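Trainee: Can you read through this structure? Questions will come right after.
The values are calculated or read from the model by the stated rules, or taken from the named source; none is laboratory data. Just so you know, these numbers come straight off a predicted model, no measurement behind them. A quick note on method: Cβ atoms are made from the backbone with ideal geometry, for glycine too, and the neighbour counts reach across all protein chains shown.
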Amino acid sequence: MINRRRILQITAATLAWQSLRLQAAGDNTEPARKLIQRAIPSTGEMLPVMGMGTSRTFDTNDSSTSLARLGAVMQAFFEGGGKVIDSSPMYGAAETRVGDVLRALPQRPDLFAATKVWTNGREQGIAEMQESAKRMNVERFDLIAVHNLKDWETQLDTLKRWKDEGKVRYIGITTSHGRDHEEFLQVMRTQPLDFVQFSYNIENRVAEEQLLPLAQERGIATMINRPYQRGELFAKSRGHALPTLAKELGCASWAQFFLKFILGHPAVTCIIPATSRVHHMQDNMQANFGPVPGPSQREEMLRVFGSL
């Protein structure tokens, strides 16, 4: 049963959503821009390139203030053309907060819901995935991936069966750090995966060596985490003016510059930066539109970053 406190919390989040919709509706002077989308290789389904991560940022309490803030962040995401929301049981209360906000929305958005399984044992994995669905308020996940390869053979076996039964649309594996790449690559080579998730950005380009080429070769979609190297990129760019190239690429901030660099790699399907601030989300979502850098422009972006 929903008590009075929960009603107040949901109302606060809903008001934040509606307020942001009114703000967006009031600014119709900018011409329509084409959304950048990439295909999921295994099916051809198109996804907007800018997704939303929830690690740390959505691991909050369920106060009305917290729900209103996260509701505004999620609204900015959808208003910016976003669709993919990624979470995990590893992220504390993140799945639950995503579900709280989704329940409060006046209208269900077009959502690509992704989470992970992060436990040992077949029955434990099934129970965890079922609980994730309740927490995130989704009837069927679009994507479930084995998180950080934890008991991957057992969990992937269940996911294959669930996919065959129509309980999940896509399956995959993830790594949120630079370790275990050899085992990760071996799973990519031998298993029927739809998605892989790993770190990649203008400073950490290890994925260019094998992960991205193999994903392209095998027809596996890629979801990129840590696009800002957990904020370290901004420490280098702070105080520096954007280069002329940024304007050519439609970038009005360093955040957009860093995101566009990642999008310049043809094997990248979707990027999932995480934030709990509305203005940061609005900034991120601008990278959902405009030109994508070609090889020579990416080389220039690397030169610019190296000179910071």
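Trainee: Report whether or not Gly166 is touching a strand residue (DSSP E or B) at 6+ places or on another chain (Cβ under 7 Å) and either surrounded by 17 or more Cβ atoms within 10 Å (Cβ to Cβ) or under 27 Å from Asp100 (Cα atoms) (or both). It would help to see each step written out before you state the result.
Mentor: Values: touching a strand residue (DSSP E or B) at 6+ places or on another chain (Cβ under 7 Å): no; either surrounded by 17 or more Cβ atoms within 10 Å (Cβ to Cβ) or under 27 Å from Asp100 (Cα atoms) (or both): yes.
Against the criterion (touching a strand residue (DSSP E or B) at 6+ places or on another chain (Cβ under 7 Å) and either surrounded by 17 or more Cβ atoms within 10 Å (Cβ to Cβ) or under 27 Å from Asp100 (Cα atoms) (or both)), Gly166 does not qualify.
Trainee: Which helices (runs of 4 or more DSSP H) does the stretch 247-306 wholly contain that include 3 or more residues that are surrounded by fewer than 20 Cβ atoms within 10 Å (Cβ to Cβ)?
Mentor: Values: elements: 254-263, 278-285, 295-306.
In the stretch 247-306, the matching helices (runs of 4 or more DSSP H) lie at 278-285, 295-306.
Trainee: If I filter the stretch 88-106 down to residues being over 24 Å from Asn120 (Cα atoms) and either of a type outside the set (Lys, Arg) or in a loop (DSSP other than H, G, I, E, B) (or both), which single residue comes out as modelled with the lowest pLDDT? Walk me through it before giving the result.
Mentor: Taking the stretch 88-106 as the starting set, the residues that turn out to be over 24 Å from Asn120 (Cα atoms) are 97-106.
Now restrict to residues that are either of a type outside the set (Lys, Arg) or in a loop (DSSP other than H, G, I, E, B) (or both): 98-102, 104-106.
On the way: Val98: 98, Gly99: 97, Asp100: 97, Val101: 96, Leu102: 95, Ala104: 92, Leu105: 89, Pro106: 86.
Ranking the qualifying residues of the stretch 88-106, first place goes to Pro106.
Trainee: Still on this model: Does any residue in the stretch 180-194 that is without any contact (Cβ under 8 Å) to a residue 40 or more places away in the chain and surrounded by 14 or more Cβ atoms within 10 Å (Cβ to Cβ) come within less than 7 Å, Cβ to Cβ, of a residue that is part of a helix (DSSP H, G or I) and among the basic types (Lys, Arg) six or more places away or on a different chain, and which pairs are these?
Mentor: Met188/Arg218
Trainee: Take the residues in the stretch 45-74 that are within 15 Å of the chain's Cα centre (by Cα) and among the polar types (S, T, N, Q); name whichever of them is nearest to Gln107 (Cα to Cα).
Mentor: Filtering the stretch 45-74 for residues that are within 15 Å of the chain's Cα centre (by Cα) and among the polar types (S, T, N, Q), the one nearest to Gln107 (Cα to Cα) comes out as Thr54.
Trainee: Specify the residue that is surrounded by the fewest Cβ atoms within 10 Å (Cβ to Cβ); the eligible residues are those in the stretch 212-228 that are part of a helix (DSSP H, G or I) and more than 18 Å from the chain's Cα centre (by Cα).
Mentor: The initial filter retains those residues of the stretch 212-228 that are part of a helix (DSSP H, G or I), namely 212-218.
Going one step further and asking which of them are more than 18 Å from the chain's Cα centre (by Cα), we end up with 213-214, 216-218.
On the way: Pro213: 13, Leu214: 17, Gln216: 15, Glu217: 11, Arg218: 16.
Only one residue tops the list, namely Glu217.
Trainee: Let me ask another. Being closer than 28 Å to Thr60 by Cβ, touching a strand residue (DSSP E or B) at 6+ places or on another chain (Cβ under 6 Å) and charged (D, E, K, R) is true for just one of Lys83, Lys150. Which residue is that?
Mentor: On the way: Lys150 fails: touching a strand residue (DSSP E or B) at 6+ places or on another chain (Cβ under 6 Å).
Within the list Lys83, Lys150, the selection yields Lys83.
Trainee: From Gly231, Gly239, grab the single residue that is exposed (fewer than 13 other Cβ atoms within 10 Å of the Cβ), closer than 20 Å to Asp86 by Cβ, out of contact with any Pro (no Cβ under 9 Å at 6 or more places or on another chain) and small (Gly, Ala, Ser). Working first, answer last.
Mentor: Values: Gly239 fails: closer than 20 Å to Asp86 by Cβ.
Testing whether each residue is exposed (fewer than 13 other Cβ atoms within 10 Å of the Cβ), closer than 20 Å to Asp86 by Cβ, out of contact with any Pro (no Cβ under 9 Å at 6 or more places or on another chain) and small (Gly, Ala, Ser) leaves just Gly231.
Trainee: Find the strands (runs of 3 or more DSSP E) located wholly in the stretch 35-87 whose residues include 2 or more that are surrounded by 24 or more Cβ atoms within 10 Å (Cβ to Cβ), and list them.
Mentor: Working: elements: 37-39, 46-48, 84-86.
Ranges flagged: 84-86.
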